[in-house]
Each structure stands twice: as C-alpha cells, then as structure tokens.
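Notes follow the structure.
The values are calculated or read from the model by the stated rules, or taken from the named source; none is laboratory data. In this text, all values refer to a predicted model and were calculated from it rather than measured experimentally. In this analysis, Cβ positions are derived from the backbone assuming ideal geometry, glycine residues included, and neighbour counts consider all displayed protein chains. The accessibility values were calculated without ligands, DNA or RNA, using every heavy atom of the protein model including side chains. Shrake-Rupley method; radii C 1.70, N 1.55, O 1.52, S 1.80 Å.
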Amino acid sequence: MLDEWLVVANGRQRVEDIRKASENQLSGVRSNPVFYQWDHTLGNAVSDNPYHINIVRGPLTRNLANQFNDIHDEMVLALNDMIPCKADEWTSVPVFEGLVEVISRITTRAFLGIDLCRNNDFRRLCVQSTMELVKGRLLHLFPVFLRPLFGRLVTNVDGVLIGIEKHLAPIIEYRLEQDRIHGGEWPDKPSDLITWLLDSAKASGEERTPRNMAKRVVVFSFASTYSSGVALAQALYELCKRPEYIRPLLDEARSVVKNTGQGKWSKAAVGEMFKTDSFLRETQRYNGLGLDLTYRKKKKVLLSRRVLQPFTFSDAQGTTLPPGTHLCVNAWGNHRDDAYYHDPPAEVFDGFRFSRPTVNQEGAREDQPPQPLMATPTLEYNAFGHGRPACPGRFFAVAELKLMLGYMLTTYDFKFSSESAKAKPQMAWFESKVIPDKNVRLLFRKRSPGPAYRKDGDDDQTECDRPEDVSALKV
C-alpha cells in the first residue's frame, strides 16, 4: 500500500475468528476513517461517536416499507432521465455514471425527502463528497503533523461541507425550534434522516449543528451511492454477456408484480424475487468489489478491519497481529473455492446458484431452506462483510438493486454498444479499491408493448433473447 502492508487472512476459520472478534479488538468502524484519513478531513467525531450506524440498522431499515413508494417513483423518474429512449429506436447510454446519478436521486429521496432530492446543487455536492473523501488517502504521503494542513489543500471536503451545510441549515433550525416548542414529539414531525440524526446526536451528546449533521450526510452518501452503482453495472454487464438469463428474470419480475404486488411494484413483491437475488449475489461472488492482488490471478479482499489490540487467530501457529495492522480477508479465495461452490464448480458463473434448495452428497434434496439471500453474509460469502460490523445498509441496498434491475428488465431491452461489445469491461484498481470502467455504454430501447407483467400466451422476445443476437452480445 502507500504507507503500510495489507495483511490478508485466508480460509473460513479465520473469517470466523474475525467475525467473533469484538469492535475493541478488530474495528470495522475505524477501517475507512484510518484508510481515508477522515480525522483530518471530517474530524474524529464521525468514528469516535458513530451513532449514524445505528440509524442504518434501526429506523432507516425499518422504514423501508413506508418509503417504498417514494423510492419507486424517484427511480422511474431518474431512469427516464438517464435513458431517454423510445420503443422503436436504440439509445446509447454511459452506464456507470448514469447509475450513480439515479442511485443518488433514489437515496436522497428516501433519506432526505423530495425537496432536497430536487435540489440539483445539493445532490451534486453529495456525489462530489465521495470523491473528496477518497482523496484523503493521499494524506498518508505526508507526516502526521502536516496532515490537518494538507487535508484542506489536497481535498475539498471542507468546501463540500460548507455547501451542504447551507442547504441543511434552514431545515435543521426549523426542526430544533419545533423541538424547543413541543418537546421531542410534535405534530407532523418528519420521519427522515435529518430527524433521526438530530435525535441520535442529542442522545449521544453531540452538538446538533448544521456542520455536524452535514458530516453525517456525507458519510451516508459515501456508503450508499458508489458501491451500489458498481454492483448494478456489473449485473447489467453480465446480462448482456449472458442473455439466456434475461427471460427467466423477466418472467419472475412480471410474476411477482402481478401476483404479489397486485399489478404494481411493492416491497413484498421485491422480497419474492429469489432468482434476481441469486443473480445479484452470484455477480458479486464472481466479480467482487475488492482488490486484485496479482496480475495473473485475481484475488479480491474484503472485510477490512483495523487491529486495535493484539489479536491472535485460532490457527495452529497462533498467528498474532499487532495493533495498527490493516487486516482483510481473501474473499476471492473463498468465493472461488470448489469446497464451498461445487455444483457447478466455483469458476463457473451460475446466476441461479443461490435460488435452489441445497442437496446432500448423494444428490437427494435435504430438508433445509433454500440458499441464503444476497443480504445474508456467510463464512464463504463476504461481499457485505461478516459479524457485527457487516454492512448495516445491505438490506436497503439489496432491495434497491432488485427493484432497479426488475424494473429495467420489464421496461427496456438493452445490449452492449458495438464498441463495448468488442472487449470485456475493464475494472481498474487503486490499491484495494475497484474503479469501474466508465467508458462502457449500453444501448437501450423501450420494451414493447411494455406491460408490468406478461399475459398468458404472450411471447414478446427481447432483442437479447433472439438467437441471432446472442453471438453478437457475447464478449
């Protein structure tokens, strides 16, 4: 790395050791702040008092059903803006940057309401904040005593916070005034991220200033936008390379909307999209979001932890890591191990690998529930981490991804542009972080006739379904 060695743990047992470790031993909360030097850009309160994590685990996740209609409506509007196509013509769209904008709009609408969602300057600042926080990685090149100074010179985190603070200030001032008048509960008190932040800040002893709230909003934006954009872009690329999956996923989306959603999208309908869930989980298993350690053999690393106290693994050697060590897991090794993924072998992409019941070694179906869903971490599947520090927003993210993919399948035909079809999308790397190929363009057109679900007897093959197109779409 720029300034340290990355210690990589291999195998399920070491994942289990990490999972069982306390936050005081192996800190997931301190991992990003140390890596990106947030103490010198955002300040140390974000990691010293991480009350925002409990908001994600608690009210944000519990309110997903109540927010679903807003999420759906904003998704439709945002995708229409991203993909301005018609039923009889193909439109070329830059995928990743478009998806980041769509997801930014969805999360802003869900977390902060329609007014801030419609505020283009506010959303621009939220998207920009992610890149400014990432620039903090460069502070490791400077001595510790100079990092507060260079934090302002190398990044523009302070400028972004000033802009976000300007938009939040009148909202926060009004709500604090209502609190003073009515107490903690008052008529028509909004149930959104600002309310949850203000209430949690008060309970934790943090001063409820617009600047402090802006810092938490920036962290939410950092965690919710970029990684979801990468995950959905990878899923779309896989569908273009493997068009045989489009029909069953499309049929599933239409079925759940018709039967569970009573003709419209709902949280319950999304919850029954098991094939879509499996396809997304397999995409993450097969591709991942972490570091490529070698040029010839990919090895993704996830489950990042910062060692705070001497930590000893349960292996025979009694391997001990000193405080300050940056620890992670060889997720690629777990995800590509035939001992865990053998039907078919781990090197084979099987989009429905996780949607079938498990079987025993003799081939008989076991009396067990189906394979775990995408949001469920296991010792051999580490896309969302594992243990108490596992990604707290994974339930929201998975619901968002399934809704978006299902809606796109029922609304659009899509395929690689001629330029993008000539070569596989190339992911670049900066240390342990993936950088998606921003040059990839997909061609979209409105699906015709475009119902939310297919009536019995309909056979509206998509462009990707037609045999003559399959060879052109494979890369």
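By how many nm would the segment from Asp88 to Val29 grow when fully extended, if each residue of separation counts as 0.36 nm and the alpha-carbon distance is taken off? Mind dumping the intermediate values first?
Numbers: separation 59, 0.36 × 59 = 21.24 nm, distance 4.97 nm.
Between Asp88 and Val29, full extension yields an extra 16.3 nm.
Just to compare against my own numbers: the Cα pair-distance distribution for region 1-132, 10 Å bins, whole % per bin, please.
9, 26, 30, 24, 10, 2
In square angstrom, what is the accessible area per residue of region 214-267 with a 1.4 angstrom probe?
I get 28 Å² per residue for region 214-267.
Quick one: grab the alpha carbon gyration tensor of region 96-184, order the square roots of its eigenvalues as a ≥ b ≥ c, and give me rounded if a/c is under 1.5, else prolate or oblate depending on whether a/b is larger than b/c.
oblate
For Thr319 and Ser22, compute 0.36 nm times the residue count separating them, minus their Cα-Cα distance, and round to one decimal in nm.
In short, 105.2 nm is gained.
Multiply the residue separation of Glu185 and Arg208 by 0.36 nm, subtract the distance between their alpha-carbon atoms, and state the gained length in nm to one decimal.
Once the chain is fully extended between Glu185 and Arg208, it gains 6.6 nm.
Could you work out how far apart the two model spin labels at Lys422 and Asn119 are, taking each label as a point 7 Å from the Cα in the direction of the beta carbon, and quote it in nm?
Rounded to a tenth, the inter-label distance reads 4.5 nm.
Rg and Dmax of region 9-60, using alpha carbons, in Å: what are they?
Spelled out, the Cα radius of gyration and Dmax of region 9-60 are 13.5, 37 Å.
Compute the signed sum of charges (Lys and Arg +1, Asp and Glu -1) over the other residues within less than 12 Å, Cβ to Cβ, of Ala223. The partial results should precede the final answer.
Values: positive: Arg216, Arg394; negative: none.
Around Ala223, the charge tally is +2.
Might you tell me the accessible area per residue for region 132-195, computed with a 1.4 Å probe and given in Å²?
Ligands and nucleic acids excluded, the figure is 54 Å² per residue.
Based on the Kirkwood radius over alpha-carbon pairs, what value in µm²/s does the Stokes-Einstein equation return for the translational diffusion coefficient of region 136-267 at 4 °C and 1.567 mPa s?
Rounded to a whole number, D works out at 67 µm²/s.
Rounded to the nearest 20 debye, what is the charge dipole size of region 17-132 about its Cα centre when +1 sits on each Lys and Arg Cβ and -1 on each Asp and Glu Cβ?
With Lys and Arg at +1 and Asp and Glu at -1, about 420 debye.
Could you work out the local net charge near Gln317, counting Lys and Arg as +1, Asp and Glu as -1, over the other residues with Cβ closer than 14 Å to its Cβ?
Numbers: positive: Arg14; negative: Asp17, Asp315.
Local net charge: -1.
Binned at 5 Å from 0, what are the whole-percent values of the Cα-Cα distance distribution for region 93-136, short to long?
Spelled out per bin, shortest first, that is 5, 21, 28, 23, 15, 6, 0.
Any of Lys166/Lys202; Lys264/Lys446; Lys86/Lys415; Lys215/Lys264 with alpha carbons more than 25 Å apart? Name them for me.
From Lys166/Lys202; Lys264/Lys446; Lys86/Lys415; Lys215/Lys264, over 25 Å: Lys215/Lys264.
Provide the packing ranking of 50-57, 97-104, i.e. peptides ordered by the mean count of other C-beta atoms within 10 Å per residue, highest first.
Sorting 50-57, 97-104 by mean packing, highest first, produces 97-104, 50-57.
What is the packing order of peptides 374-382, 322-330, taking the mean over residues of other C-beta atoms within 10 Å and listing the highest first?
Peptide ranking by packing, descending: 374-382, 322-330.
How high is the FRET efficiency between Asn54 and Glu97 when r is their beta carbon distance and R₀ equals 30 Å, given to the nearest 0.05?
0.40
Sort the following peptides by mean Cβ neighbour count (other Cβ atoms within 10 Å, averaged over residues), highest first: 276-283, 438-445, 33-40, 146-153. List each step's numbers first, then the result.
On the way: 276-283: 25.5, 438-445: 19.8, 33-40: 22.4, 146-153: 15.0.
The densest-packed peptide leads the list: 276-283, 33-40, 438-445, 146-153.
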